[in-house]
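This is the structure I have questions about; it appears just below.
The values are calculated or read from the model by the stated rules, or taken from the named source; none is laboratory data. Bear in mind that the values here come from a model prediction, so they are computed numbers and not experimental data. Glycine gets a Cβ as well: all are built from the backbone with ideal geometry, and neighbour counts include every protein chain shown. Note: accessible area is taken over every heavy atom of the protein model, side chains too, but ligands, DNA and RNA are not part of it. Shrake-Rupley method; radii C 1.70, N 1.55, O 1.52, S 1.80 Å.
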Amino acid sequence: MCTINRNNFEANNMILRKFWEGRSSMITAIILLFFIVSFQSTIAQEEIEGSHHEAEQHSEKEFNAGELIFEHVLDAHDWHIADIGEHPITVPLPIIILDENNNLHMFMSSRFEHGHAAYDGFKLEIEGENKGKIVPVVEGTMETDSTRPLPYDFSITKTVFAIMFSALLLMLIFITIAKSYKKREGQAPAGLQSFLEPIILFVRDDIAKPSIGHRKYEKYMPYLLTLFFFILINNLLGIVPIFPGGANVTGNIGVTMVMALFTFAITSFSANKAYWVHIINMPGVPWWLKFPIPIMPMVEIMGVFTKPFVLMVRLFANMLAGHIVVLGFISMIFIFGAMNVFGGYGVSVVSVAFSVFLSLLEILVAFIQAYVFTLLSALYFGMAMEESH
Amino acid sequence: MDLVLPGLGLVFWMTLIFSILLIILKKFAWKPIMSSIKEREQNISASLAMAKQTKREMEQLKADNEKLLVEARNERDAIIVEANKTKDQIINDAKIKAQSEADRIVENARLNIENEKRAALSEIKTQVAELSIEIAEKVLKAELEDKKKQSALVEQQLEQLNFN
């Protein structure tokens, strides 16, 4: 229990550092995280004191807010919906792993029975450093085989499944409205089309055109629109608490990293000569800033990489913070409930009110973050193509 | 640490799915949508420009019409004034002509009457002279029946002559 707590504490610290890069919603998240952490330590302390005279199984049932929150915001190999008593209800997802001999193993995650069974020489680790990962086992047992390396995990995890779902949803929505554009050619938009057209026009007129310029923006519209709607739909689906929503897609660093890398790649490929000249040999800067110690080029080259990095971290931290704060408020009900039943009931009123308020705030944040990511991507494209002056 | 370390599988799938999504949406959604929107916008701006042009033309036409109307009205007024003048002229002419005709007729009548009167008078004079002569003859015949009387008269007459 204590080691888990320490692990969580380290992870929390890590998030805290990331959060400083974000915005005001971060501050709330930090305050709340401190609350959670302090609750965890008090509970842990009580446990240590109580463990002398109470049975061992009690600590297993003890509610741990940090654990709950991390289970929800982290990727998983099955989609946990609810628990009935001790039995979890999950949607099993496909496991695809490549072992050290380049053998591909494919099976459903239900084979692992939530970490209680090994299958095909692998098991789902439920404790320790590799918690939640698929690890090799000693043949015929449940023992972790630490001599073998971890397999490459290409599983359709909860996040991957959510990405696929949102991608299909986006295709369905936009191919449908593309058809209605063809059908109602030259007419005013109707239905879903009239709902989405202002957003499409917003991306075009308020993001792409001013950032990239009137002549070159058209080439980047498909990427910017895809990016905007992908982030938006995943942000919004993340607020929906039930399957197939609720996955923390845009609050996952891998997802935001890929999108940031796309922006980085497009920026680099569309950059003109002036952009590279500005990086390597910034005009109008005193020579001693470039020679013998190339301070300016170093700063500029760092800037090339910090731009996508900041994109990645901003979206990740904002969305993660939203999820953590909402889950934190929900967890508070159980934390207080564990101390006193009436305390739990009393806090639940406040918690639910705050969760509703924060969820509404998250809807706003969903739009703002999609806007910011798209706007900054467009700005980077525009900067890369700026004519020398 | 899992929280801030991107998973290999996730990055792989995300790249794949996002690329596919980008390509499919670009081909089947964004291209037709953006071109439709652009077309419609061009249509709208063209229509608006045409509406403006038409409005300008309408205004021009209206102004022309107004001008024509004013001209027509002026012309009409001029015609009416002219006609009035002509009418007055004609009436005046007719009046003058009628007057002179009437004067002529009256003059004629007066002359005729004068003539008639003169003729009648002269006839009456002749008749009166004849009648006087007849009466004088009859009186003379009666007076001069006796000789004495005749000589007395002659003498008387002579005396008067002497005086004269």
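Considering only protein heavy atoms and a probe of 1.4 Å, how much of the accessible area of segment A:49-156 is carbon and sulfur, as a whole percent? Walk me through the numbers on the way to the answer.
Numbers: 3420 of 6620 Å².
Of all accessible area on segment A:49-156, carbon and sulfur atoms account for 52 percent.
So, one more: Which aspartates and glutamates does A:Lys209 reach when only Cα atoms under 17 Å apart count, and residues fewer than 8 places away in its own chain are ignored?
Straight-line reach from A:Lys209, under 17 Å: A:Glu197, A:Glu218, A:Glu386, A:Glu387, B:Glu41.
Right, another one. If you roll a 1.4 angstrom probe over the protein chains with everything in place, what fraction of the accessible area of segment B:8-145 belongs to carbon and sulfur, to the nearest %? If you can, show how the numbers build up before the last one.
Working: 6960 of 11190 Å².
C and S fraction of accessible area: 62 percent.
Measuring from centroid to centroid over Cα atoms, what is the spacing of segment B:111-164 and segment A:71-126 in Å?
First find each Cα centre; the distance between them is then 183 Å.
Same structure, new question: Which of the listed residues, A:Pro241, B:Ser35, A:Phe262, is farthest toward the dipole's positive end in the protein assembly as shown, when Lys, Arg count +1 and Asp, Glu count -1 at the beta-carbon?
Of the candidates, B:Ser35 comes out farthest on the positive side.
Along each of its three principal axes, how wide is the spread of alpha-carbon positions in segment A:49-156, in whole angstrom units, largest first?
Principal extents (largest minus smallest coordinate, Cα): 50, 30, 21 Å.
Now a separate question. How much accessible area per residue does segment A:49-156 have, counting only protein heavy atoms and a probe of 1.4 Å, in square angstrom?
On the way: 6620 Å² over 108 residues.
In whole numbers, segment A:49-156 has 61 Å² accessible per residue.
At what distance in angstrom do the alpha carbon centres of segment A:272-348 and segment A:217-232 lie from each other?
22
Here's something else I'd like to know. What does the structure give for A:220-226 when I average, per residue, the other chain Cβ atoms found within 10 Å of the residue Cβ?
On the way: counts 0, 5, 10, 4, 1, 7, 9.
Per residue, the number of nearby Cβ atoms from other chains is 5 on average.
So what is the calculated 222 nm ellipticity per residue for chain B, using -39500 (n - 2.57) for each DSSP H run with n of 4 or more, over all residues, to the nearest 500 deg cm²/dmol? Don't skip to the end; give the middle numbers.
Numbers: 3 runs with 148 residues, N = 164.
So the helix-based figure for chain B works out to -34000 deg cm²/dmol.
Order the peptides A:75-84, B:106-115, A:184-193 from the highest to the lowest mean number of other Cβ atoms within 10 Å of their residues.
Working: A:75-84: 16.4, B:106-115: 10.0, A:184-193: 13.3.
Descending mean neighbour count gives A:75-84, A:184-193, B:106-115.
May I ask for the accessible area buried between chains B and A, both sides summed, probe 1.4 Å, to the nearest 100 Å²?
Values: alone 15750 and 22050 Å², together 33800 Å².
Roughly 4000 Å².
Then there is this: For the peptides A:283-289, A:127-133, what is the packing order when you average, over each peptide's residues, the other Cβ atoms within 10 Å and list the highest mean first?
In decreasing order of mean packing, A:283-289, A:127-133 become A:127-133, A:283-289.
Something else about it: With a 1.4 Å probe and all protein chains left in place, how much accessible area per residue does segment B:8-145 have, in Å²? Write down the numbers at each step before the final one.
On the way: 11190 Å² over 138 residues.
That works out to 81 Å² per residue.
For peptide A:253-264, what's the mean number of Cβ atoms from other chains within 10 Å of each residue's Cβ?
Values: counts 8, 11, 8, 2, 5, 11, 3, 0, 4, 5, 0, 0.
Partner-chain Cβ atoms within 10 Å, mean over residues of A:253-264: 5.
Under 10 Å, Cα contacts only: if you run a Gaussian network model on chain B, which one of B:Thr54, B:Thr86, B:Thr15 comes out with the highest mean-square fluctuation?
It is B:Thr15.
In Å, the Kirkwood hydrodynamic radius of the protein assembly as shown over pairs of distinct alpha carbons?
Values: mean 1/r = 0.0307 Å⁻¹.
That comes to 32.6 Å for the protein assembly as shown.
Another question, if that's okay. On average, how many beta carbons from a partner chain sit within 10 Å of the beta carbon of a residue in A:170-177? If you can, show how the numbers build up before the last one.
On the way: counts 4, 6, 0, 2, 8, 7, 1, 4.
Per residue, the average neighbour count from other chains is 4.
Packing-wise, with mean Cβ within 10 Å as the measure, how do A:357-369, B:71-83 rank, highest first? Show your work: numbers first, answer last.
Numbers: A:357-369: 17.0, B:71-83: 10.0.
Highest to lowest by the protection proxy: A:357-369, B:71-83.
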